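No value in this document is a laboratory result; all are computed from the given coordinates. Computed from a prediction, not measured in an experiment: that's the story for all the values here. Every residue, glycine among them, receives a Cβ derived from its backbone with ideal geometry; neighbour counts consider all protein chains shown.
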Amino acid sequence: MHDGDQIVSPPSTRLLLTIPFAIPAYWTPEQALAVVELLEDLRDLIWSHYGALLREEYREQYCAPPRFDTPPDDPDGLSF
């Protein structure tokens, strides 16, 4: 893809798909509460639609059996 004179290529990793942002320090308490409520509503909608899939993904990512670089019978990793 070309964007003017610059060549734009698609991101190669998931990390590049994130958009960093800062939370403004000048929000009123009412504005901050509105954002929190929006996020809670969004979370609820996502869970209601993707709940089963999210639970499965969570299990795959966080409940997988540990992987060992050394055999499990060598707990200190000092094979001789």
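For residue 38 and residue 60, compute 0.36 nm times the residue count separating them, minus their Cα-Cα distance, and round to one decimal in nm. Please list the in-between numbers first.
Working: separation 22, 0.36 × 22 = 7.92 nm, distance 2.84 nm.
Extending this stretch completely gives an extra 5.1 nm.
Say each of residue 46 and residue 25 gets a label point 7 Å from the Cα, pointing the same way as Cα to Cβ; how far apart are those two points in nm?
The two pseudo-label positions are separated by 2.8 nm.
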